[in-house]
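Let me begin by presenting the structure, written as structure tokens, before commenting on it.
The values are calculated or read from the model by the stated rules, or taken from the named source; none is laboratory data. What you see is a predicted model, and the numbers here were worked out from it, not measured in a lab. Cβ atoms come from the backbone with ideal geometry, glycine included; neighbour counts cover every protein chain shown. To get the accessible areas, we keep the full protein, side chains included, count just its heavy atoms, and leave off ligands, DNA and RNA. Shrake-Rupley method; radii C 1.70, N 1.55, O 1.52, S 1.80 Å.
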Amino acid sequence: MEPMEQQNLRPGHLTAHQTARVLGVTLAGLRSIVHRGQLTRSGGSPRQPWYAASDVAALAAKRTGRAAA
């Protein structure tokens, strides 16, 4: 994680890199997920967005369930 991102990151939020890692996608894949409305930004800046950890966990669980079905 970038030192600057770590300093400004609010508790309960993940960076784009962390979010992509949790979801098992690339940053481009994450941008696609956001564009489709499956996940929304909850802070940060346009270049360094944050995502709510609870939203990311819910989406990861949903994606895992779909992959298993």
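Looking at the chain, which longest stretch skips every one of the trypsin sites (Lys or Arg not before Pro) that is in a DSSP loop with at most 15 other Cβ atoms within 10 Å, leaving the sites themselves out?
1-35
Averaging sequence separations of C-alpha pairs under 8 Å and six or more residues apart, then dividing by the length of the chain, give the relative contact order as a whole percent.
33
Which three numbers, in whole Å and largest first, are the semi-axes of the equivalent ellipsoid of segment 15-59 derived from its Cα gyration tensor as √(5λ)?
13, 12, 11
To the nearest 20 debye, what is the magnitude of the charge dipole of the chain about its Cα centre, counting +1 on the Cβ of each Lys and Arg and -1 on the Cβ of each Asp and Glu?
Around 260 debye, computed over the chain.
When the accessible area of the chain is computed with all protein chains present and a 1.4 Å probe, what percentage of it is carbon and sulfur?
55
How large is the accessible surface per residue of the chain, computed with a 1.4 Å probe and reported in Å² as a whole number?
68
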